[in-house]
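Q: Dropping the structure in here first, questions after.
The values are calculated or read from the model by the stated rules, or taken from the named source; none is laboratory data. Computed from a predicted structure; not experimentally measured. Here the Cβ is made from the backbone with ideal geometry for all residues, glycine too, and neighbour counts use every protein chain on show.
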Amino acid sequence: MRRSLLFLPGNNPNMLINAGYLGSDAVIFDLEDAVSPAEKDAARILVRNTMKYMELDCEKIVRINSVDTSFWQADLDTILPQCPDLILLPKVGLASDVLTVASYMEEVERKLGLEVGKVGIMPLIETALGVENAFSIASSSPRVKALFLGAEDLTADIQCKRTKEGREIEYARTRLVVAARAAGVDVYDTPFTDVNDDEGIVVDAQLAKSLGFTGKASISPRHVEVINDVFSPTLAEIEYAYDAIEAIETAKKQGKGAISLRGKMIDAPIVARAERTIAMAKALGMERSEDCE
């Protein structure tokens, strides 16, 4: 389960040493935008050592440099032996970008005797070309586990102003969600970049959830708790999910394909949503209220 993904600069030892204590479901060790070219080598070593020697009770994701740079292969050479959960691949515009990286990852894995294909890829979509090719990117390789929207670079690419309201990225958001779901992978929303706007992050996270995103990234530990809360089922949603499952079981016993619950029809799509809610609740240790059983 991956609700929140927290970016940590790969060249900041003070932040890296606290990676496992910040409450996010996943941390993204950033070797790209957060690190100047002169610090790339040192950042790789720092991230490698963090992953090698620290116990991290969360998923480990590494954002490497894009394939149009001279850094990405060295990033993978250093990082893959530590078996991160995912490689976040920036500035993906074409399916061929993913295939290029996937091929090199397999080469490194075979050379080092690592399990081939264990480490997944999460393409970061942050260009107009990437948005338009979202489905082909999402379905390009079995390594692709999720898509990730990067709004800051995207708005620069489409030549518009980035706003808190996010009207300028509405199309990109919905396009990525549809493409990811069609390909059967997860999809993550762009960070809300005003770290001091406590109300804004709530609104933005709720919007992302309503659009169908699996979770949301953050550049600040302050936003992690909000994101986790928004992307977790509420007690009311959990109770409704259990009631829906019980209702459909009753319908089956009565030889019906659907049944009414609280004035609404319960059918297969509602049941599928209920099952996902219950699975997440169990993963989070959220028990059903005894009063409602």
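Q: Out of Val116, Val92, Val108, which single residue is assigned by TED's automatic domain parsing to the domain that holds Met54 and under 20 Å from Ser136 (Cα atoms)?
A: Numbers: Val116 fails: under 20 Å from Ser136 (Cα atoms); Val108 fails: under 20 Å from Ser136 (Cα atoms).
Going through Val116, Val92, Val108 in turn, just one is assigned by TED's automatic domain parsing to the domain that holds Met54 and under 20 Å from Ser136 (Cα atoms): Val92.
Q: Regarding segment 202-209, can at least one residue be identified that is buried (at least 19 other Cβ atoms within 10 Å of the Cβ), in the same structural domain as Arg63 (by TED's automatic domain parsing) and of a type in the set (Asp, Glu)? Walk me through how you get there before you give the answer.
A: Going through segment 202-209, the residues buried (at least 19 other Cβ atoms within 10 Å of the Cβ) turn out to be 204-205, 208.
Checking which are in the same structural domain as Arg63 (by TED's automatic domain parsing) leaves us with 204-205, 208.
Checking which are of a type in the set (Asp, Glu) leaves us with 204.
For segment 202-209, residues buried (at least 19 other Cβ atoms within 10 Å of the Cβ), in the same structural domain as Arg63 (by TED's automatic domain parsing) and of a type in the set (Asp, Glu): present.
Q: Looking only at segment 10-40, count every residue that is touching a helix residue (DSSP H, G or I) at 6+ places or on another chain (Cβ under 8 Å) and assigned to a helix (DSSP H, G or I) and tell me the total.
A: Selection size over segment 10-40: 4.
Q: Something else now. Testing Lys52 on (1) part of a helix (DSSP H, G or I); (2) at pLDDT 95 or above, one condition comes back false. Which one is that?
A: (2)
Q: With the structure loaded, tell me whether Lys161 is over 20 Å from the mean Cα position of the chain (by Cα) and basic (Lys, Arg) or whether it fails that test. Full working, then the answer.
A: Values: over 20 Å from the mean Cα position of the chain (by Cα): yes; basic (Lys, Arg): yes.
Against the criterion (over 20 Å from the mean Cα position of the chain (by Cα) and basic (Lys, Arg)), Lys161 qualifies.
Listed here are the residues, each with its yes/no results for (1) buried (at least 19 other Cβ atoms within 10 Å of the Cβ); (2) of a type in the set (A, V, I, L, M, F, W, C); (3) touching a residue at least 60 places away in the same chain (Cβ under 8 Å).
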{"residue": "Asp198", "(1), (2), (3)": "no, no, no"}
{"residue": "Pro221", "(1), (2), (3)": "no, no, yes"}
{"residue": "Glu225", "(1), (2), (3)": "no, no, yes"}
{"residue": "Phe231", "(1), (2), (3)": "yes, yes, yes"}
{"residue": "Leu235", "(1), (2), (3)": "no, yes, no"}
{"residue": "Ala241", "(1), (2), (3)": "yes, yes, no"}
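Q: If you don't mind, another one. Among the residues of segment 218-238, write down those that are within 14 Å of Gly285 (Cα to Cα) and at pLDDT below 95. Show your work before the answer.
A: Applying the first criterion (within 14 Å of Gly285 (Cα to Cα)) to segment 218-238 yields 228-229, 232-235, 238.
Within segment 218-238, Ser232, Pro233, Thr234, Leu235, Ile238 qualify.
Q: Failed condition for Ala38, given (1) more than 30 Å from Met286 (Cα to Cα); (2) touching a strand residue (DSSP E or B) at 6+ places or on another chain (Cβ under 9 Å), with all others met?
A: Here Ala38 meets the rest and fails (2).
Q: When you go through (1) hydroxyl-bearing (Ser, Thr, Tyr); (2) without any contact (Cβ under 8 Å) to a residue 60 or more places away in the chain; (3) in contact with a strand residue (DSSP E or B) (Cβ under 9 Å, 6 or more places away or on another chain) one by one for Tyr188, which number turns out not to apply?
A: Failing condition for Tyr188: (2).
Q: Can you give me the ranges of the helices (runs of 4 or more DSSP H) entirely in segment 174-293 with at least 1 residues that are over 21 Å from Gly23 (Cα atoms) and not small (Gly, Ala, Ser)? Before you say what the answer is, go through the steps one by one.
A: Numbers: elements: 198-211, 224-230, 235-253, 268-283.
Those helices (runs of 4 or more DSSP H) span 198-211, 235-253, 268-283.
Q: Report whether or not Ile169 is more than 25 Å from Ser141 (Cα to Cα), buried (at least 16 other Cβ atoms within 10 Å of the Cβ), in the same structural domain as Ala26 (by TED's automatic domain parsing) and in contact with a Leu (Cβ under 8 Å, 6 or more places away or on another chain).
A: yes
Q: Could you list all residues from segment 22-46 that are surrounded by 19 or more Cβ atoms within 10 Å (Cβ to Cβ) and more than 20 Å from the chain's Cα centre (by Cα)?
A: Val35, Lys40, Ala43, Arg44, Leu46
Q: I've got another one for you. Which condition does Asp57 not pass, out of (1) within 24 Å of Phe231 (Cβ to Cβ); (2) modelled with pLDDT of 95 or more; (3) of a type in the set (Asp, Glu), if it passes all the others?
A: Asp57 satisfies all of (1) within 24 Å of Phe231 (Cβ to Cβ); (2) modelled with pLDDT of 95 or more; (3) of a type in the set (Asp, Glu) except (2).
Q: What are the residues in segment 63-78 that are in contact (Cβ under 8 Å) with a residue 40 or more places away in the chain and either in contact with a strand residue (DSSP E or B) (Cβ under 7 Å, 6 or more places away or on another chain) or small (Gly, Ala, Ser) (or both), if any?
A: So in segment 63-78, the residues in contact (Cβ under 8 Å) with a residue 40 or more places away in the chain come out as 63, 71, 75.
If the condition is that a residue be in contact (Cβ under 8 Å) with a residue 40 or more places away in the chain and either in contact with a strand residue (DSSP E or B) (Cβ under 7 Å, 6 or more places away or on another chain) or small (Gly, Ala, Ser) (or both), then Arg63 is the only one that fits.
Q: Restricting to segment 252-293, and then to whatever is at positive phi and at pLDDT 75 or above, can you tell me which residue is nearest to the chain's Cα centre (by Cα)? Step through it out loud before you land on a result.
A: Going through segment 252-293, the residues at positive phi turn out to be 255, 262-263, 285.
This time we only want the ones that are at pLDDT 75 or above, so: 255, 262, 285.
Details: Gly255: 40, Arg262: 34, Gly285: 21 Å.
Within segment 252-293, the match that is nearest to the chain's Cα centre (by Cα) is Gly285.
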